[in-house]
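Any read-out appearing in this document is the output of simple, stated calculations on the displayed coordinates, not a laboratory observation. Bear in mind that the values here come from a model prediction, so they are computed numbers and not experimental data. As a convention, Cβ positions derive from the backbone with ideal geometry for all residues, glycine included, and neighbour counts pool all protein chains shown.
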Amino acid sequence: MEIRIAIDPGKSGGVAWSVAGEFRAAKAPESLGDRLDLLKRVVAEARSGTEHPGALVEAVHGGLFAGAGPRCPVCGRARGMGAVSAFSFGEDYGRWLGLLAGLGVPVTLVTPQAWMKRVGNLPAERADRKKRLKEMAQLRFPHLKVTLATADALMMLASAMLLASAMLLATATGATLETPVKSRALALDL
């Protein structure tokens, strides 16, 4: 599966996609109908050529939540996220997965830690990290208007491309590749 669509779910998330080597990004549409229209357009464009669309969706952080014990890597809440915010995020996350499943698009879930590790050293503080990711996306995609809403999705797409290139190189040279994804990411064929 080639990753063609990257989705950063949540209230301030974004979507990035690549069709025939051309990259685009948008703030995640608010309505379910608008999201479906966007995904239908991207999938139709990809399928009109020889490409097979696949999606990369950011999963919720894995690990531990202070004082709460172990969490599910794809349904737990991030540090500092309240119960209502966690529920809203999960609801949004589920909507994206449902839309992709309905369109027959295979999905790969990846934790933020996994894809961020591939793009380089990032600040620990959230605001500084978001700013740095935006700067990196602007350098990588100078033809796009990169915003805080689209930067994560663009860099997730760039991360997937880096991993795919490394795997192709390893296969071509007969080398072994120690996969840099040391997370609880899981692949789903929907």
**Fill in**
Counting Lys and Arg as +1 and Asp and Glu as -1 over every other residue whose Cβ sits under 13 Å from the Cβ of S12, the net charge comes to 0
**Prompt:** Considering only Cα-Cα distances, which of the following residue pairs are longer than 21 Å: K40/K117; K40/K130; K40/K134; K27/K134; K11/K130?
**Reply:** K40/K117; K40/K130; K40/K134
